[in-house]
Amino acid sequence: MTTANYHVAVVGATGAVGQQMLKTLEERDFPIASLKLLSSKRSAGTTISFKGEEYTVEEATPESFEGVQIALFSAGGSVSKTLAPEAVKRGAIVVDNTSAFRMDPTIPLVVPEVNEEDLRNHNGIIANPNCSTIQMMVALEPIREKYGLKKVIVSTYQAVSGAGLEAIEEMKQQTKDILEGKDFTPEILPVGGDKKHYQIAFNAIPQIDLFQENGYTFEEMKMINETKKILHMPELEVAATCVRLPIETGHSESVYIETEKGGATVAELKELLATSPGITLQDDPENQVYPMASECVGKNDVFVGRIRRDLDRDNGYHMWIVSDNLLKGAAWNSVQIAESLVKLELLK
Ligand SMILES: NC(=O)c1ccc[n+]([C@@H]2O[C@H](COP(=O)([O-])OP(=O)(O)OC[C@H]3O[C@@H](n4cnc5c(N)ncnc54)[C@H](OP(=O)(O)O)[C@@H]3O)[C@@H](O)[C@H]2O)c1
């Protein structure tokens, strides 16, 4: 890394992802010359402490980005669509956590362990993939590289923090209400803007984001399309089912893959994943060692376990992939992209 310091802005600094973003910038000691914390009008004027100093949150406007070199956005797609181009116009590089630009072919969609080199083609905006996609990519890339990949079928078990702070509050309040025998009205989950809302406490909801015409939800289509884009494999067969569970943080995934070359043993896959970047292998069934959401919270790695050969196909494998959706799924991946931009000398 160079010794330069950078003018940084965090958009959505008061949100679930924004808060983790600040914690990660602090922990990684990212070289910051100045820091702007931006939100909507609602939180403008509140203060947030960063590295022992108090910062006043400001309302995000186009002018907020004067002099900013890198802007980390996580304030929702419509904010990104409006303000990211304004930030770029003023000379900033934007790392965007929303789905606003992910499928734009001119915008790199990056998981640094997988396709860091795609950053070289940026035009000012870099997209951070969907949280569920990121953790799956980290685990599958080493396998793709060594054995080739033909097919991926994933079912997710996703935490409520993936839907923001309001969803966490809703789950906690509902749990309390149910335990105390009180009535409650679901208002946020599965999707704030959809027609119906359902109980999340003590439940499993097979809907994350809105349904598309093809019967898949937008979250499922994000996993499908983003996987093909990140791996540069439009021909890859991918299917996804995304489910929300009453877990505060930590997404889990049951993933079935078919490789091009069959015959790899489970021991070979374990050895490969244990030595690949960003992965902690937790796979020892005899001693009941496997990844769990509760244990991944606060950690940057992707945890992989329960690796098994399919009983019918010698190129088929099953595994369980877990990660902190607010860290590797959002904040850590964004800060990692910022670190890669510095390393590749792309940050002017
Ligand atoms: N949670 C996850 O696991 C995850 C993962 C990847 C990506 N994302 C994406 O990141 C974004 C934020 O998610 P979150 O979970 O952090 O949501 P959140 O907890 O609801 O926070 C939203 C943040 O955006 C700010 N904001 C809202 N409207 C704004 C506006 N008009 N102008 C400027 N700032 C505004 C809010 O500021 P106020 O305090 O003023 O309301 C708050 O800081 C979403 O697009 C989400 O899809 C989330």
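The values are calculated or read from the model by the stated rules, or taken from the named source; none is laboratory data. Everything numeric in this text was worked out from a predicted model, so none of it was measured. Note that each Cβ is placed from the backbone with ideal geometry, even for glycine, and that neighbours are counted across all protein chains shown.
Can you tell me how many residues within the range 1-34 are within 15 Å of the ligand (Cβ to nearest atom) and over 23 Å from the mean Cα position of the chain (by Cα)?
Total meeting the criteria: 0.
Table: residues versus (1) over 19 Å from THR249 (Cα atoms); (2) among the acidic types (Asp, Glu); (3) more than 19 Å from the chain's Cα centre (by Cα); (4) assigned by TED's automatic domain parsing to the domain that holds LEU83.
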position: LYS146; (1), (2), (3), (4): yes, no, yes, no
position: LYS150; (1), (2), (3), (4): yes, no, yes, no
position: THR156; (1), (2), (3), (4): no, no, no, no
position: ALA167; (1), (2), (3), (4): no, no, no, no
position: ASP177; (1), (2), (3), (4): yes, yes, yes, no
position: ILE188; (1), (2), (3), (4): no, no, yes, no
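When the residues of the range 72-91 are narrowed to those that are within 10 Å of the ligand (Cβ to nearest atom) and assigned to a helix (DSSP H, G or I), which ends up surrounded by the fewest Cβ atoms within 10 Å (Cβ to Cβ)?
Checking each candidate, the answer is SER78.
With respect to VAL94, determine if the residue is within 15 Å of the ligand (Cβ to nearest atom), crowded, with 16+ Cβ neighbours inside 10 Å, closer than 30 Å to GLY263 by Cβ and in the same structural domain as ILE70 (by TED's automatic domain parsing).
Working: within 15 Å of the ligand (Cβ to nearest atom): yes; crowded, with 16+ Cβ neighbours inside 10 Å: yes; closer than 30 Å to GLY263 by Cβ: no; in the same structural domain as ILE70 (by TED's automatic domain parsing): yes.
Taking the combined requirement at face value, the residue does not satisfy it.
Anything in the range 174-189 that is out of contact with any helix residue (DSSP H, G or I) (no Cβ under 8 Å at 6 or more places or on another chain) and either aliphatic (A, V, I, L, M) or surrounded by 14 or more Cβ atoms within 10 Å (Cβ to Cβ) (or both)? List them, or say none.
GLN174, THR175, ASP177, ILE178, LEU179
Which one of these does ALA44 not meet: (1) under 24 Å from LEU109 (Cα atoms); (2) within 11 Å of the ligand (Cβ to nearest atom); (3) not hydroxyl-bearing (Ser, Thr, Tyr)?
With respect to (1) under 24 Å from LEU109 (Cα atoms); (2) within 11 Å of the ligand (Cβ to nearest atom); (3) not hydroxyl-bearing (Ser, Thr, Tyr), ALA44 is out only on (1).
For the range 142-176, which positions are of a type in the set (A, V, I, L, M, F, W, C) and within 16 Å of the ligand (Cβ to nearest atom)?
Let us first name the residues in the range 142-176 that are of a type in the set (A, V, I, L, M, F, W, C), namely 143, 149, 152-154, 159-160, 163, 165, 167-168, 171.
Answer for the range 142-176, where residues must be of a type in the set (A, V, I, L, M, F, W, C) and within 16 Å of the ligand (Cβ to nearest atom): ALA159, VAL160, ALA163, LEU165, ALA167, ILE168, MET171.
May I ask you to list the residues in the range 253-288 that are surrounded by 12 or more Cβ atoms within 10 Å (Cβ to Cβ), in a strand (DSSP E or B) and free of Cβ contacts under 8 Å to residues at least 40 places away in the same chain?
Passing the criteria: THR280, LEU281.
Within the bounds of the range 197-217, is there any residue that is at pLDDT below 95, over 16 Å from THR133 (Cα atoms) and surrounded by 12 or more Cβ atoms within 10 Å (Cβ to Cβ)? If you could, list the steps in order and put the result at the bottom.
Restricting attention to the range 197-217, the residues satisfying the condition of being at pLDDT below 95 are none.
Checked against the condition, which is being at pLDDT below 95, over 16 Å from THR133 (Cα atoms) and surrounded by 12 or more Cβ atoms within 10 Å (Cβ to Cβ), the range 197-217 yields no hits at all.
State which residue pairs qualify: first residue on the phi > 0 side of the Ramachandran plot and inside the range 41-67, second residue more than 9 Å from the ligand (Cβ to nearest atom) and among the β-branched types (Val, Ile, Thr) in any location, beta carbons under 7 Å apart, and separation of 6 or more residues or different chains.
The qualifying pairs are GLY45/THR56.
Could you say whether any residue in the range 121-128 is part of a loop (DSSP other than H, G, I, E, B) and either within 16 Å of the ligand (Cβ to nearest atom) or under 20 Å from GLY305 (Cβ atoms) (or both)? It would help to see each step written out before you state the result.
So the first thing to find is which residues in the range 121-128 are part of a loop (DSSP other than H, G, I, E, B), and the list is 122-124, 128.
Filter again for either within 16 Å of the ligand (Cβ to nearest atom) or under 20 Å from GLY305 (Cβ atoms) (or both), leaving 128.
Yes; the residues of the range 121-128 include at least one that is part of a loop (DSSP other than H, G, I, E, B) and either within 16 Å of the ligand (Cβ to nearest atom) or under 20 Å from GLY305 (Cβ atoms) (or both).
Which numbered condition trips up SER49, out of (1) of a type outside the set (Lys, Arg); (2) buried (at least 17 other Cβ atoms within 10 Å of the Cβ); (3) more than 9 Å from the ligand (Cβ to nearest atom)?
Among (1) of a type outside the set (Lys, Arg); (2) buried (at least 17 other Cβ atoms within 10 Å of the Cβ); (3) more than 9 Å from the ligand (Cβ to nearest atom), SER49 violates only (2).
Looking at (1) surrounded by fewer than 21 Cβ atoms within 10 Å (Cβ to Cβ); (2) without any contact (Cβ under 8 Å) to a residue 40 or more places away in the chain, find the lone condition where ARG120 falls short.
(2)
Yes or no, residue by residue, for (1) at pLDDT 95 or above; (2) within 16 Å of the ligand (Cβ to nearest atom); (3) more than 27 Å from PRO108 (Cβ to Cβ):
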| residue | (1), (2), (3) |
| --- | --- |
| LYS228 | yes, no, no |
| THR241 | yes, no, yes |
| ILE247 | yes, yes, yes |
| HIS251 | yes, yes, no |
| VAL255 | yes, no, no |
| GLU258 | yes, no, yes |
| LYS261 | no, no, yes |
| GLU268 | yes, no, yes |
